[in-house]
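A.B. asks: Mind looking over this structure? Questions follow.
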Amino acid sequence: MIALLQLLKRPLLHVAGFSFFVNLLLLAPALFMLQVFDRVLTSQSQATLLVLLLGMAVALGLMLLLDYLRSRLQGVVGNLIAEQLSPIVAKVMLASSARRTERVPSEGLRDVAALRNLFSAQGLLALFDMPWAIIYVAVIWLAHPLLGIAAAAASLLMLVLALVNDRITRREIEALQKEAAVATRYLESSMQNAEVVQSLGMGEALLGRWRDLNARVTALQGPTARKSVAMAALTRATRQAVQVAMQALGAYLVISGDGTPGILVAATILLGRALAPVEQVVGGWRVLAEGRAAFSRLSELLDMAAREPERMTLPPPSGRLQAQGLVYRAPQSERLILAGVSLSLEPGESLAIVGASGAGKSTLLRLLTGLWKPTAGVVRLDHVDVAQWPRAQLGPWLGYVPQDVELFAGTVAENIARLGVVDSEMVVRAARRAGVHELILALPGGYDTPVDAMGTMLSPGQRQRIALARALYGDPKLLVLDEPNSNLDGAGELALGEALKSLKGHVTVIVVTHRNTLVQHMDKMLVLEAGRVQEYGSAAEVRQAMQRSAQKAVGGQLVAIPRAPREAAAS
């Protein structure tokens with residue numbers, strides 16, 4: 001909250017300053033009418049009228065200029081806020097999405113857009129104009145106390161209508177925003193699986209669910225719109241009725257000799273100026289309410305970012321990895337996915353992690369890379385807790401290939417370079433280390449071959465091999481691979497094996513696999529079963545222990561390490 005208020009403080013003060021002078025100049029029409037009716041018409045002086053017209057022209061010219069600058073500043077401020085907030089919000093959303101251990105603020109960028117729209121709406125300027133109602137009422141009071149009392153009562157009535165409008169629509173608008181966001185997220189996530197949807201003929205079922213979500217939005221939208229429209233209409237009608245009553249009261253004072261026609265006209269104009277902002281606020285209440293809700297959510301989001309302290313830059317790691325007593329419980333669940341997992345790797349050592357689907361292998365990798373924080377226990381890279389290591393600092397020393405490989409829109413070279421500035425020598429070096437250099441050269445554009453966000457121009461095996469090159473870009477000290485050979489053919493398996501051999505003694509490697517072809521390249525082996533360590537030690541010793549256990553289980557028949565189906569992403 002404090003961070004966002006600090007960001008908004010200066011621009012809002014500038015808008016408030018312009019509003020002060022604009023509203024001060026808006027007193028000029030009322031004073032002009034007062035002088036015309038009480039002096040010009042009685043004295044029949046053309047010179048006085050001309051001077052008043054010239055003064056009014058200057059006042060209106062200044063008001064036009066200041067009002068234009070105020071409106072322009074309002075729009076510029078909205079853009080500046082969006083430019084400053086968007087990167088911060090996107091960074092927090094990215095980190096939260098990767099962790100998946102807390103509520104992901106997926107509406108952050110939409111909230112930034114809502115806040116920018118708020119600065120483009122007239123309702124915000126009306127909020128700055130509303131306090132001037134007190135000044136206008138005070139001027140009317142100076143003209144005649146009875147008119148002042150009537151103007152104050154009218155202003156209070158309009159303010160009550162605005163508060164009632166807030167009370168009866170706030171919850172509906174917030175609920176409407178939430179349901180609309182759910183429907184949008186559902187459709188966006190479904191589009192990512194469009195190939196499966198079309199292949200299996202699931203389109204109608206998917207759209208049916210989306211229509212059901214939209215129906216809930218419509219069900220909320222109808223009553224909300226009716227209430228908002230009704231309150232806006234009531235506010236307009238009340239304002240007209242109040243002005244008529246004010247004119248009638250002024251006419252009565254003129255007839256009774258307690259006022260002048262000039263006072264009547266001036267009071268009517270000033271009352272209209274006092275009530276206009278309230279009417280504008282009620283008319284634009286939905287935009288204001290959405291902006292207020294966005295402000296609240298963004299404040300929470302920025303507070304989350306502010307809680308991350310600035311950390312000192314650490315020296316490059318050597319690759320020593322230690323995990324002690326790792327326990328991980330699924331969010332909002334009592335089920336333990338990992339229970340008491342410990343391991344230790346010296347720089348340059350390699351580890352194979354095996355186990356059945358659902359054993360917790362992918363979860364263990366996410367803890368070892370610091371993507372997720374363990375419920376208990378700690379993972380240290382060169383004695384530093386990886387969960388506390390700033391990602392921008394740790395990233396260059398870490399290579400990671402997830403189970404579901406994702407490439408980004410750009411070229412092959414840009415993907416290997418991790419979307420940074422492409423260093424040709426480093427890109428080719430990473431490709432050669434991954435054994436994918438020749439494969440890339442065979443593509444239509446070589447390293448400049450464009451890749452879309454889903455990598456549809458490349459086969460799953462090609463994507464997996466390019467992802468390995470991306471993981472080896474630069475000088476990583478820790479390489480973490482989650483089933484890196486699940487989509488590889490024979491040539492790809494050989495290239496992966498050669499790459500792992502070349503890394504021995506230089507890079508600490510952790511591989512989740514179901515295939516013996518990769519285990520033979522590893523120094524150590526860890527067997528997971530239901531989130532617990534069953535075997536851990538040198539690869540040869542663990543394989544012998546597993547063979548003895550399998551031999552006993554089948555009554556003396558030797559059984560090799562089974563190849564289990566591909567582990568689900570949630571394991």
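A.B. asks: What percentages make up the Cα-Cα pair-distance distribution of the range 222-303 when the bins are 5 Å wide from 0?
C.D. replies: 3, 13, 16, 14, 12, 11, 10, 8, 6, 4, 2, 1, 0
A.B. asks: Sticking with this structure for a sec: Could you state the number of Å between the C-alpha centres of the range 233-266 and the range 113-160?
C.D. replies: So the separation of the two Cα centres works out to 17 Å.
A.B. asks: Amide H to amide H under 5 Å from Ser342: which residues, 5+ apart in sequence or cross-chain, H placed 1.01 Å off N in plane?
C.D. replies: Gly325, Leu326
A.B. asks: If one takes the longest principal axis of the Cα atoms in the chain, at what angle in degrees, from 0 to 90 and to the nearest 10, does the Cα axis of helix 145-191 lie?
C.D. replies: 20 degrees
A.B. asks: Just to make sure I understand: if all protein chains stay in place, what is the order of Arg171, Arg211 by accessible area at 1.4 Å, largest first?
C.D. replies: Arg171, Arg211
A.B. asks: Convert each backbone phi in the range 380-397 into a coupling constant with the Karplus relation 6.51 cos²θ - 1.76 cosθ + 1.60 (shift: θ = phi - 60°), then list the ³J(HN,Hα) values in order as whole Hz, x for Gly and Pro.
C.D. replies: Once rounded to whole Hz, the list reads 10, 10, 6, 6, 10, 4, 5, 5, 9, 6, x, 4, 5, 7, 6, x, x, 9.
A.B. asks: What figure in square angstrom, to the nearest 10, would you give for the accessible area of Lys373 with a 1.4 Å probe?
C.D. replies: About 100 Å², rounded to the nearest 10.
A.B. asks: If amide H atoms are built 1.01 Å from N in the plane of the peptide, which residues on other chains or at least 5 residues away come under 5 Å of the amide H of Ile510?
C.D. replies: The answer is Leu351, Leu479, Val480, Leu481.
A.B. asks: Among (i) 0.95; (ii) 1.18; (iii) 1.05, only one was calculated for this model; which label is it, if the read-out is Rg/Rh (Cα atoms, Kirkwood Rh)?
C.D. replies: (ii)
A.B. asks: From the Cα trace of the range 427-472, what convex hull volume per residue do you get, rounded to a whole Å³?
C.D. replies: 68 Å³
A.B. asks: For the range 454-495, what are the per-bin percents of Cα-Cα distances with bins 10 Å wide, up to the bin holding the maximum?
C.D. replies: Per 10 Å bin, starting at zero, the Cα-Cα P(r) for the range 454-495 comes out as 27, 53, 19, 0 percent.
A.B. asks: Could you size up the charge dipole of the chain around its Cα centre, putting +1 on the beta carbon of Lys and Arg and -1 on that of Asp and Glu, and report it in debye to the nearest 20?
C.D. replies: Result for the chain is approximately 780 debye, rounded to the nearest 20.
A.B. asks: Sort Arg273, Arg380 by heavy-atom solvent-accessible area, probe 1.4 angstrom, most to least.
C.D. replies: Ranked from most to least accessible, the order is Arg380, Arg273.
A.B. asks: Only loop residues by DSSP count here, and only those with at most 15 other Cβ atoms within 10 Å; note down the chymotrypsin sites (Phe, Trp or Tyr not before Pro) in the range 332-438 that meet that.
C.D. replies: Phe408
A.B. asks: Go through 33-46, 512-525 and give me the packing order, highest mean Cβ count within 10 Å leading.
C.D. replies: 512-525, 33-46
A.B. asks: Then there's this: Sequence gap of 8 or more, or different chains, plus Cα separation below 28 Å: how many lysine pairs satisfy both in the chain?
C.D. replies: Count of close lysine pairs: 20.
A.B. asks: For the chain, find the longest principal axis of its Cα atoms and tell me its angle to the long axis of helix 261-283, 0 to 90°, nearest 10.
C.D. replies: Compared with the principal axis, the helix lies near 10 degrees.
A.B. asks: While we're looking at this one, here's another question. So how exposed is His144, as accessible area in Å² (1.4 Å probe, rounded to 10)?
C.D. replies: We get 40 Å² for His144.
A.B. asks: When all protein chains stay in place, what accessible area (Å², nearest 10, 1.4 Å probe) is found for Asp166?
C.D. replies: Roughly 20 Å² of Asp166 is accessible to a 1.4 Å probe.
A.B. asks: Can you tell me what percent of all Cα-Cα pairs in the range 358-482 are more than 26 Å apart?
C.D. replies: 25 percent
A.B. asks: Tell me which GluC sites (Glu not before Pro) from the range 382-442 have a DSSP coil assignment and no more than 12 other beta carbons within 10 Å of their own.
C.D. replies: Taking the range 382-442 and a limit of 12 other Cβ atoms within 10 Å, the loop GluC sites (Glu not before Pro) found are Glu406.
The values are calculated or read from the model by the stated rules, or taken from the named source; none is laboratory data. None of these values were measured; they are calculated from a predicted model. Ideal geometry is used to build each Cβ from the backbone, glycine not excepted, and the neighbour counts take in all protein chains shown. Accessible surface areas use protein heavy atoms only, side chains included; no ligands, DNA or RNA. Shrake-Rupley method; radii C 1.70, N 1.55, O 1.52, S 1.80 Å.
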